[in-house]
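Each remark here refers to the structure printed beneath this line.
The values are calculated or read from the model by the stated rules, or taken from the named source; none is laboratory data. Keep in mind that what you see is a predicted model, and the values were worked out from it rather than measured. Here the Cβ positions follow ideal geometry from the backbone for every residue, glycine too, while neighbour counts run over all protein chains shown.
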Amino acid sequence: MMHRKVLLMILVSLLVLPSAAAVVVAQSSVNATIGVTPQSVQPGQRFNVTVDVSPGQYGISAGEVAVGFNQSVMKVVGVEAGGLLGPQPIFGLNETSNTAGTVRCAIARVGATSTPTPNATFVKIQFEVLGSAPAGSYPISLTAAFADADFANISSVAAQGGTVQIIMAQSVDYTLYIIFVVAAVAIIGGALVFLRRR
């Protein structure tokens, strides 16, 4: 009888432990990633960078991010909050340096925090490619920290940067066009001379 009770307890523990482990895994990390739209741009054009957040099972009440970029080829022209922290979040920090190539934002929710918070964008940044920018692939780096529904620091946050591709505008080769125009003018001119002789 004792052996049966021990066996039953082992079976119950084996059934409970996987589900508990799954809960721990689901709640263990918040993922923040850089999104770039469009991914390929030309000098003088603008593009948008978003910090997109997947909270997992967490409620997110506040966050702080630092975005790094190559200031020799691009500059920031605008920063605004996304929808992650509700319709009217508060900026505690909003610093942009086009000299150092950094954007730092700390944003907090106004009102109650739902758990889990749905996937959404934390912040949107608009960039402009400088006219002198050479072609190439340029990284956009990201570091991030977030607070849960109780404003406690979330220890496990995975942040992933992105890249933007700068391309040169394709030059049009007018050689064939010029040859065609010259040939057409010569043909028309020859035809006019022929008609006058007649």
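A few remarks follow.
- Exactly one residue out of Val79, Val103, Val123 is closer than 18 Å to Asn31 by Cα, of a type in the set (Val, Ile, Thr) and within 17 Å of the chain's Cα centre (by Cα), and it is Val123.
- Condition met for Val129 (under 17 Å from the mean Cα position of the chain (by Cα) and among the aliphatic types (A, V, I, L, M)): yes
- For the condition at pLDDT below 95 and either closer than 17 Å to Thr33 by Cα or in a loop (DSSP other than H, G, I, E, B) (or both), Ser114 qualifies.
This table checks each residue for (1) in contact with a Pro (Cβ under 7 Å, 6 or more places away or on another chain); (2) in contact (Cβ under 8 Å) with a residue 60 or more places away in the chain; (3) more than 21 Å from Ala66 (Cβ to Cβ).
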| residue | (1), (2), (3) |
| --- | --- |
| Gly82 | no, no, no |
| Arg104 | no, no, no |
| Phe122 | no, yes, no |
| Val129 | yes, yes, yes |
| Ile140 | no, yes, no |
| Asp148 | no, yes, no |
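- Residue list for the range 59-81, restricted to those being outside any strand (DSSP E or B), closer than 22 Å to Ser156 by Cα and in contact with a strand residue (DSSP E or B) (Cβ under 6 Å, 6 or more places away or on another chain): Ile60, Ser61
- Summed over the range 23-45, the residues that are surrounded by fewer than 14 Cβ atoms within 10 Å (Cβ to Cβ), outside any loop (DSSP other than H, G, I, E, B), modelled with pLDDT of 95 or more and not small (Gly, Ala, Ser) give a count of 1.
- Of all residues making up the range 82-103, the number that are surrounded by fewer than 17 Cβ atoms within 10 Å (Cβ to Cβ) and part of a strand (DSSP E or B): 8
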